[in-house]
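The values are calculated or read from the model by the stated rules, or taken from the named source; none is laboratory data. Note that the structure is predicted; figures quoted are calculated from it, not measured. Ideal geometry is used to build each Cβ from the backbone, glycine not excepted, and the neighbour counts take in all protein chains shown. Please note that ligands, DNA and RNA were not included when accessible areas were found on the heavy atoms of the full protein model with its side chains. Shrake-Rupley method; radii C 1.70, N 1.55, O 1.52, S 1.80 Å.
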Amino acid sequence: MATLLLRTVILFLLAIVSVRLMGKRQIGEMQPTELVVTILLSEVAAAPMQDIDMPLINSALSVLLLVALSILSSVLSMRFGRFREAFDGHPAIVINNGVLDQNKMRALRLTMQDLMSSLRQKDVFDIEQVQYAIVETNGTVSVMLKPEYTPLTSSLAGKKAPDDGLPHLVICDGKIVEKALKSCDLDLSVLKKHLKKIDRHESEIMALTYSKNGFGTPIEKKKKENT
Amino acid sequence: MKRGYIALGIIAAISLLSYFATSAVAARAEKLEQLAKAACTDEKNIQAMTDEWESSRNFFSFFVSHAHLEPIDYRTEGLDYVSKDERQESCAEIVAYAKEIKELISLSLYNVF
(Lines give C-alpha, C1' and ligand atoms only; values in the text may rest on other atoms or scores of the structure.)
Protein backbone atom coordinates (compact mmCIF):
# COMPACT_ATOMS: atom_id res chain seq x y z
CA MET A 1 0.00 0.00 0.00
CA ALA A 2 2.72 2.45 0.98
CA THR A 3 4.60 1.18 -2.07
CA LEU A 4 1.58 2.10 -4.16
CA LEU A 5 1.51 5.63 -2.72
CA LEU A 6 5.21 6.20 -3.35
CA ARG A 7 4.92 4.78 -6.86
CA THR A 8 1.99 7.08 -7.65
CA VAL A 9 3.84 10.15 -6.38
CA ILE A 10 7.04 9.20 -8.25
CA LEU A 11 5.16 8.55 -11.51
CA PHE A 12 3.16 11.78 -11.12
CA LEU A 13 6.35 13.79 -10.74
CA LEU A 14 8.10 11.87 -13.51
CA ALA A 15 5.18 12.47 -15.88
CA ILE A 16 5.21 16.19 -15.09
CA VAL A 17 8.94 16.41 -15.74
CA SER A 18 8.43 14.53 -19.02
CA VAL A 19 5.63 16.81 -20.16
CA ARG A 20 7.68 19.86 -19.20
CA LEU A 21 10.63 18.46 -21.20
CA MET A 22 8.39 17.77 -24.19
CA GLY A 23 7.60 21.45 -24.24
CA LYS A 24 4.59 23.64 -24.82
CA ARG A 25 3.79 22.37 -28.28
CA GLN A 26 2.84 18.94 -26.89
CA ILE A 27 0.40 20.27 -24.36
CA GLY A 28 -2.54 21.75 -26.27
CA GLU A 29 -4.63 24.03 -24.07
CA MET A 30 -3.94 22.25 -20.78
CA GLN A 31 -1.47 23.06 -18.07
CA PRO A 32 1.24 20.36 -17.73
CA THR A 33 -0.16 19.17 -14.39
CA GLU A 34 -3.69 18.95 -15.82
CA LEU A 35 -2.46 16.98 -18.83
CA VAL A 36 -0.51 14.57 -16.63
CA VAL A 37 -3.44 13.98 -14.30
CA THR A 38 -5.79 13.43 -17.26
CA ILE A 39 -3.45 10.88 -18.85
CA LEU A 40 -2.67 9.04 -15.61
CA LEU A 41 -6.26 9.03 -14.35
CA SER A 42 -7.59 7.39 -17.49
CA GLU A 43 -4.95 4.67 -17.31
CA VAL A 44 -5.23 4.03 -13.59
CA ALA A 45 -9.02 3.96 -13.64
CA ALA A 46 -9.19 1.67 -16.66
CA ALA A 47 -6.68 -0.93 -15.44
CA PRO A 48 -8.88 -2.77 -12.89
CA MET A 49 -11.79 -2.74 -15.35
CA GLN A 50 -9.77 -4.88 -17.73
CA ASP A 51 -7.95 -6.98 -15.14
CA ILE A 52 -10.27 -8.43 -12.51
CA ASP A 53 -7.26 -9.98 -10.73
CA MET A 54 -6.14 -6.52 -9.70
CA PRO A 55 -7.42 -5.29 -6.30
CA LEU A 56 -9.81 -2.38 -6.83
CA ILE A 57 -8.42 -0.50 -3.85
CA ASN A 58 -5.05 -0.01 -5.54
CA SER A 59 -6.66 1.85 -8.40
CA ALA A 60 -9.15 3.72 -6.23
CA LEU A 61 -6.39 5.00 -3.95
CA SER A 62 -4.20 5.96 -6.90
CA VAL A 63 -7.07 7.92 -8.48
CA LEU A 64 -7.76 9.73 -5.19
CA LEU A 65 -4.08 10.43 -4.68
CA LEU A 66 -3.67 11.81 -8.20
CA VAL A 67 -6.65 14.11 -7.72
CA ALA A 68 -5.25 15.27 -4.37
CA LEU A 69 -1.80 15.87 -5.89
CA SER A 70 -3.38 17.80 -8.75
CA ILE A 71 -5.35 20.04 -6.36
CA LEU A 72 -2.31 20.48 -4.14
CA SER A 73 -0.08 21.44 -7.05
CA SER A 74 -2.63 24.01 -8.25
CA VAL A 75 -2.89 25.48 -4.74
CA LEU A 76 0.91 25.61 -4.44
CA SER A 77 1.14 27.16 -7.92
CA MET A 78 -1.29 29.84 -6.82
CA ARG A 79 0.71 30.62 -3.68
CA PHE A 80 4.29 30.26 -4.82
CA GLY A 81 5.58 31.71 -8.07
CA ARG A 82 8.64 29.46 -8.13
CA PHE A 83 6.52 26.36 -7.77
CA ARG A 84 4.28 27.55 -10.60
CA GLU A 85 7.30 28.13 -12.82
CA ALA A 86 8.74 24.72 -12.05
CA PHE A 87 5.48 22.86 -12.64
CA ASP A 88 3.82 24.90 -15.38
CA GLY A 89 6.73 26.81 -16.93
CA HIS A 90 6.44 30.44 -17.97
CA PRO A 91 5.06 32.21 -21.03
CA ALA A 92 7.55 32.75 -23.87
CA ILE A 93 7.55 35.83 -26.09
CA VAL A 94 8.18 34.68 -29.67
CA ILE A 95 7.42 38.01 -31.39
CA ASN A 96 8.81 40.87 -29.36
CA ASN A 97 7.91 44.36 -30.52
CA GLY A 98 7.36 43.10 -34.07
CA VAL A 99 10.60 41.10 -34.17
CA LEU A 100 10.51 37.32 -34.44
CA ASP A 101 12.67 35.70 -31.76
CA GLN A 102 14.06 32.71 -33.65
CA ASN A 103 16.15 31.49 -30.72
CA LYS A 104 13.06 31.29 -28.56
CA MET A 105 11.23 29.48 -31.37
CA ARG A 106 14.05 26.95 -31.62
CA ALA A 107 14.00 26.48 -27.85
CA LEU A 108 10.26 25.84 -27.98
CA ARG A 109 10.69 23.65 -31.08
CA LEU A 110 8.02 25.80 -32.69
CA THR A 111 8.09 25.87 -36.48
CA MET A 112 7.06 28.85 -38.57
CA GLN A 113 4.08 26.80 -39.76
CA ASP A 114 3.01 26.19 -36.15
CA LEU A 115 3.25 29.87 -35.37
CA MET A 116 1.37 30.91 -38.51
CA SER A 117 -1.32 28.34 -37.77
CA SER A 118 -1.73 29.71 -34.23
CA LEU A 119 -1.86 33.28 -35.58
CA ARG A 120 -4.50 32.32 -38.14
CA GLN A 121 -6.58 30.80 -35.35
CA LYS A 122 -6.48 34.27 -33.80
CA ASP A 123 -7.70 35.77 -37.12
CA VAL A 124 -4.25 37.17 -37.89
CA PHE A 125 -3.12 36.24 -41.40
CA ASP A 126 -0.12 38.54 -41.77
CA ILE A 127 2.73 38.17 -39.29
CA GLU A 128 3.76 41.78 -39.96
CA GLN A 129 0.63 42.94 -38.14
CA VAL A 130 1.80 41.36 -34.89
CA GLN A 131 3.53 43.42 -32.22
CA TYR A 132 3.71 40.70 -29.58
CA ALA A 133 3.04 36.97 -29.74
CA ILE A 134 3.32 35.01 -26.53
CA VAL A 135 3.27 31.22 -26.21
CA GLU A 136 1.38 30.62 -22.99
CA THR A 137 2.16 27.83 -20.51
CA ASN A 138 -0.74 25.79 -21.89
CA GLY A 139 0.67 25.98 -25.43
CA THR A 140 -1.79 28.53 -26.84
CA VAL A 141 -0.55 31.72 -28.50
CA SER A 142 -1.73 35.15 -27.33
CA VAL A 143 -1.43 37.93 -29.88
CA MET A 144 -1.24 41.71 -29.59
CA LEU A 145 -1.51 43.57 -32.89
CA LYS A 146 0.45 46.66 -33.89
CA PRO A 147 -1.57 49.82 -33.15
CA GLU A 148 -2.24 50.49 -36.85
CA TYR A 149 -3.83 47.05 -37.24
CA THR A 150 -5.84 47.10 -34.04
CA PRO A 151 -9.58 47.03 -34.87
CA LEU A 152 -11.31 50.33 -34.27
CA THR A 153 -13.06 50.41 -30.94
CA SER A 154 -15.43 53.04 -29.60
CA SER A 155 -12.77 54.28 -27.18
CA LEU A 156 -10.27 54.70 -30.05
CA ALA A 157 -12.91 56.59 -32.01
CA GLY A 158 -13.57 58.76 -28.96
CA LYS A 159 -17.21 57.73 -28.78
CA LYS A 160 -19.23 56.06 -26.11
CA ALA A 161 -20.79 52.82 -27.23
CA PRO A 162 -24.32 52.13 -26.00
CA ASP A 163 -24.52 49.44 -23.36
CA ASP A 164 -27.21 47.02 -24.51
CA GLY A 165 -26.62 44.68 -21.61
CA LEU A 166 -26.79 40.93 -21.89
CA PRO A 167 -29.59 39.69 -24.17
CA HIS A 168 -31.67 37.04 -22.39
CA LEU A 169 -33.41 34.27 -24.28
CA VAL A 170 -36.98 34.72 -23.03
CA ILE A 171 -38.60 32.31 -25.50
CA CYS A 172 -36.72 29.21 -26.50
CA ASP A 173 -38.08 26.52 -28.79
CA GLY A 174 -41.69 27.70 -28.38
CA LYS A 175 -41.56 27.90 -24.60
CA ILE A 176 -41.29 30.87 -22.25
CA VAL A 177 -38.09 30.66 -20.15
CA GLU A 178 -39.22 31.70 -16.66
CA LYS A 179 -35.64 31.79 -15.36
CA ALA A 180 -34.66 34.30 -18.05
CA LEU A 181 -37.69 36.48 -17.23
CA LYS A 182 -36.57 36.61 -13.62
CA SER A 183 -32.93 37.35 -14.42
CA CYS A 184 -33.82 40.26 -16.75
CA ASP A 185 -36.58 41.43 -14.40
CA LEU A 186 -39.26 41.20 -17.08
CA ASP A 187 -42.90 40.72 -16.24
CA LEU A 188 -44.75 37.92 -18.01
CA SER A 189 -47.58 40.32 -18.89
CA VAL A 190 -45.10 42.57 -20.76
CA LEU A 191 -43.93 39.59 -22.78
CA LYS A 192 -47.52 38.53 -23.52
CA LYS A 193 -48.33 42.09 -24.59
CA HIS A 194 -45.34 42.08 -26.94
CA LEU A 195 -46.43 38.75 -28.42
CA LYS A 196 -49.90 40.17 -28.99
CA LYS A 197 -48.37 43.22 -30.67
CA ILE A 198 -46.36 41.11 -33.11
CA ASP A 199 -49.36 38.80 -33.54
CA ARG A 200 -47.55 35.66 -32.57
CA HIS A 201 -48.07 32.91 -30.02
CA GLU A 202 -45.02 31.73 -28.05
CA SER A 203 -45.36 28.27 -29.58
CA GLU A 204 -44.69 29.79 -33.02
CA ILE A 205 -41.38 31.32 -31.94
CA MET A 206 -38.05 29.48 -32.00
CA ALA A 207 -36.10 32.22 -30.19
CA LEU A 208 -36.81 35.66 -28.79
CA THR A 209 -34.34 37.74 -26.84
CA TYR A 210 -34.80 40.65 -24.46
CA SER A 211 -32.18 43.20 -23.46
CA LYS A 212 -32.01 46.75 -22.12
CA ASN A 213 -33.07 47.99 -25.56
CA GLY A 214 -36.20 45.89 -25.52
CA PHE A 215 -37.20 42.80 -27.48
CA GLY A 216 -35.13 41.50 -30.36
CA THR A 217 -36.44 40.23 -33.68
CA PRO A 218 -38.22 36.89 -33.14
CA ILE A 219 -36.97 33.84 -35.02
CA GLU A 220 -40.01 31.90 -36.14
CA LYS A 221 -40.35 28.18 -35.75
CA LYS A 222 -40.44 26.31 -39.03
CA LYS A 223 -42.43 23.18 -39.55
CA LYS A 224 -40.46 20.00 -40.17
CA GLU A 225 -39.83 19.52 -43.85
CA ASN A 226 -39.89 16.05 -45.32
CA THR A 227 -36.58 15.37 -47.04
CA MET B 1 -7.89 27.03 -0.42
CA LYS B 2 -10.71 24.84 0.83
CA ARG B 3 -9.85 22.34 -1.89
CA GLY B 4 -6.23 22.46 -0.79
CA TYR B 5 -7.24 21.29 2.68
CA ILE B 6 -9.44 18.58 1.13
CA ALA B 7 -6.42 17.43 -0.91
CA LEU B 8 -4.23 17.35 2.20
CA GLY B 9 -7.01 15.45 4.00
CA ILE B 10 -7.16 12.88 1.20
CA ILE B 11 -3.38 12.41 1.27
CA ALA B 12 -3.39 12.07 5.07
CA ALA B 13 -6.30 9.60 4.98
CA ILE B 14 -4.66 7.51 2.26
CA SER B 15 -1.34 7.50 4.15
CA LEU B 16 -3.04 6.37 7.37
CA LEU B 17 -5.09 3.76 5.55
CA SER B 18 -2.02 2.41 3.80
CA TYR B 19 -0.10 2.28 7.09
CA PHE B 20 -2.83 0.39 8.96
CA ALA B 21 -3.72 -1.83 6.01
CA THR B 22 -0.07 -2.78 5.51
CA SER B 23 0.28 -3.65 9.20
CA ALA B 24 -2.96 -5.64 9.19
CA VAL B 25 -2.05 -7.60 6.05
CA ALA B 26 1.45 -8.27 7.40
CA ALA B 27 0.03 -9.45 10.75
CA ARG B 28 -2.43 -11.83 9.10
CA ALA B 29 0.22 -13.14 6.72
CA GLU B 30 2.55 -13.67 9.68
CA LYS B 31 -0.17 -15.60 11.53
CA LEU B 32 -0.81 -17.75 8.46
CA GLU B 33 2.91 -18.39 8.13
CA GLN B 34 3.20 -19.50 11.77
CA LEU B 35 0.19 -21.78 11.46
CA ALA B 36 1.54 -23.25 8.23
CA LYS B 37 4.89 -23.89 9.94
CA ALA B 38 3.06 -25.60 12.79
CA ALA B 39 1.03 -27.64 10.30
CA CYS B 40 4.26 -28.80 8.68
CA THR B 41 5.27 -30.54 11.86
CA ASP B 42 1.92 -31.61 13.25
CA GLU B 43 -1.18 -32.43 11.18
CA LYS B 44 -3.41 -31.42 14.13
CA ASN B 45 -2.67 -27.82 13.18
CA ILE B 46 -3.96 -28.17 9.63
CA GLN B 47 -7.51 -27.26 10.60
CA ALA B 48 -6.39 -24.08 12.39
CA MET B 49 -4.35 -23.09 9.35
CA THR B 50 -7.16 -23.67 6.84
CA ASP B 51 -9.59 -21.84 9.12
CA GLU B 52 -7.20 -18.91 9.32
CA TRP B 53 -6.78 -18.92 5.55
CA GLU B 54 -10.53 -19.01 4.91
CA SER B 55 -11.15 -16.11 7.28
CA SER B 56 -8.27 -14.04 5.84
CA ARG B 57 -8.74 -14.79 2.17
CA ASN B 58 -11.28 -12.05 1.43
CA PHE B 59 -9.29 -9.58 3.49
CA PHE B 60 -6.14 -10.33 1.51
CA SER B 61 -8.02 -10.01 -1.78
CA PHE B 62 -8.64 -6.31 -1.00
CA PHE B 63 -4.94 -5.60 -1.18
CA VAL B 64 -3.20 -8.42 -3.03
CA SER B 65 -3.92 -9.62 -6.55
CA HIS B 66 -5.67 -12.95 -7.03
CA ALA B 67 -2.54 -14.38 -8.65
CA HIS B 68 -0.84 -14.36 -5.25
CA LEU B 69 -3.78 -15.92 -3.42
CA GLU B 70 -4.79 -18.71 -5.76
CA PRO B 71 -1.68 -20.88 -5.09
CA ILE B 72 -2.49 -20.86 -1.34
CA ASP B 73 -6.08 -21.73 -2.14
CA TYR B 74 -4.87 -24.67 -4.16
CA ARG B 75 -2.42 -25.82 -1.48
CA THR B 76 -4.92 -25.72 1.40
CA GLU B 77 -7.41 -27.97 -0.39
CA GLY B 78 -7.57 -31.60 0.71
CA LEU B 79 -4.62 -31.44 3.10
CA ASP B 80 -6.32 -33.97 5.40
CA TYR B 81 -6.29 -36.66 2.75
CA VAL B 82 -2.73 -36.46 1.46
CA SER B 83 0.41 -38.25 2.59
CA LYS B 84 2.71 -36.76 5.22
CA ASP B 85 5.34 -35.83 2.65
CA GLU B 86 2.79 -34.09 0.43
CA ARG B 87 1.31 -32.29 3.40
CA GLN B 88 4.72 -31.06 4.49
CA GLU B 89 5.48 -29.94 0.96
CA SER B 90 2.17 -28.05 0.71
CA CYS B 91 2.65 -26.42 4.11
CA ALA B 92 6.18 -25.36 3.18
CA GLU B 93 4.80 -23.76 0.04
CA ILE B 94 2.09 -21.98 2.03
CA VAL B 95 4.84 -20.63 4.31
CA ALA B 96 6.66 -19.37 1.23
CA TYR B 97 3.51 -17.75 -0.22
CA ALA B 98 2.67 -16.09 3.11
CA LYS B 99 6.20 -14.67 3.19
CA GLU B 100 5.71 -13.48 -0.37
CA ILE B 101 2.53 -11.61 0.62
CA LYS B 102 4.40 -9.95 3.51
CA GLU B 103 7.20 -8.90 1.20
CA LEU B 104 4.77 -7.71 -1.44
CA ILE B 105 2.90 -5.46 0.94
CA SER B 106 5.92 -4.09 2.79
CA LEU B 107 7.54 -0.80 1.89
CA SER B 108 10.95 -1.41 0.40
CA LEU B 109 13.12 0.03 -2.32
CA TYR B 110 12.80 -3.27 -4.16
CA ASN B 111 9.00 -2.94 -4.26
CA VAL B 112 8.98 0.75 -5.14
CA PHE B 113 11.40 0.47 -8.03
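Values as computed for the structure displayed
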| read-out | value |
| --- | --- |
| Three-way shape call for chain A based on the alpha-carbon gyration tensor, with the a/c threshold at 1.5 | oblate |
| On Cα atoms only, tilt of B:84-105 relative to the major axis of chain B in degrees | 10 |
| Portion, in percent, of the accessible area of the protein assembly as shown that falls on carbon or sulfur, probe 1.4 Å | 57 |
| Chain A, relative contact order [Cα under 8 Å, separation at least 6], % | 15 |
| Protein-only accessible surface order, largest first, of B:99, A:175, A:146 at 1.4 Å | A:175, B:99, A:146 |
| Interchain or long-range residues, amide H under 5 Å from residue A:130's placed H | A:146 |
| Chain pair A, B: total accessible area buried, heavy atoms, 1.4 Å probe, Å² | 2000 |
| 10 Å Cβ neighbours from other chains, averaged over peptide B:95-107 | 1 |
| 10 Å binning of all Cα-Cα separations within chain B, expressed as whole percents from 0 upward | 14, 40, 25, 13, 6, 3, 0 |
| Alpha-carbon centroids, region B:1-80 and region A:131-150: separation in whole Å | 59 |
| Assigned charges on the beta-carbon of Lys, Arg, Asp, Glu; region B:2-112 dipole about Cα centre (debye) | 820 |
| A:71, A:171, B:6, ranked by accessible area, largest first (probe 1.4 Å) | B:6, A:71, A:171 |
| Nearest-10 value in Å² for the accessible area of residue A:120, using the 1.4 Å probe | 110 |
| Surface per residue (accessible, 1.4 Å probe) for the protein assembly as shown, Å² | 64 |
| Nearest-10 value in Å² for the accessible area of residue A:172, using the 1.4 Å probe | 60 |
| Of A:159/A:212; A:193/A:223; B:2/B:102, pairs whose Cα-Cα distance is over 28 Å | B:2/B:102 |
